[in-house]
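Please treat every number below as a calculation from the coordinates, not as lab data. From a predicted model like this one, the values you see are computed outputs, not experimental measurements. Note: ideal-geometry Cβ built from the backbone for every residue, glycine included; neighbour counts use all protein chains shown.
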Amino acid sequence: KELQDHPQDPTPRRIRRPGAGRKKISEADPSLMSDLESLVEPETRGDPISPLRWTTKSLRSLAEELKAMGHVVSHTSVGILLQELGYSLQSNAKTLEGGKHPDRNAQFAHINAETSSRLERGEPVISVDTKKKELIGPYKNNGRTWRPKGDPEQVNVYDFIDPELGRANPYGVYDLASDSRWVSVGTDHDTAAFAVATIRRWWLSVGSPAYPNATELLITADGGASNGS
């Protein structure tokens with residue numbers, strides 16, 4: 001109302017005085033961050049593709065545990081605080097791994113330390129993995145595209161592999177330092193030779209020019225299922 005009463009006032013007018021507004025919840029509650037990290041640290045999972053961390057605990061569960069410790073916090077605020085602590089979004093898939101190796105955490109700690117030290121020295125670190133395989137040809141895919149009304153794109157009724165065209169096998173290389181990706185697509189089989197060829201092509205095309213003084217290359221990869229060591 002005050003602003004509407006002075007429409008001709010050329011002086012910038014503030015709604016609030018400088019410094020007004022609520023403080024960040026972590027400033028109002030100094031022990032909140034440390035208590036939150038103590039809750040998620042035992043549930044932090046290692047990730048071989050980067051030093052990032054993520055937790056299997058849900059935001060609502062963490063908020064309830066913090067409330068039990070005497071903090072006043074919502075699950076939305078917990079999500080914001082986790083991002084400030086360097087955690088990524090919660091994963092809700094592929095978390096049940098069966099038997100757990102006694103040195104699993106030590107293994108991931110070792111991978112993280114090796115990755116971090118090389119990144120600090122300017123040495124290349126990559127993560128490699130086979131991406132989702134795709135049939136080649138007129139097959140149905142999820143999603144929609146803009147087309148003339150009543151003229152949908154015609155695709156095969158059955159998803160049988162075409163013996164002539166085969167299947168596309170994308171193999172990805174992720175450069176941690178530059179946050180860049182390289183994908184090689186093969187149409188034969190997902191083999192060790194294909195993986196090595198992809199890494200070689202990445203190095204000759206991208207890696208070598210980007211790291212002219214490199215003395216070593218650290219490669220992280222899955223070691224199970226189709227990615228057998």
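Values as computed for the structure displayed
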| read-out | value |
| --- | --- |
| Amide proton proximity set for D129, modelled H, under 5 Å, gap of 5+ | G172 |
| Within-11-Å neighbourhood charge of P152 [Cβ basis; K, R +1; D, E -1] | +2 |
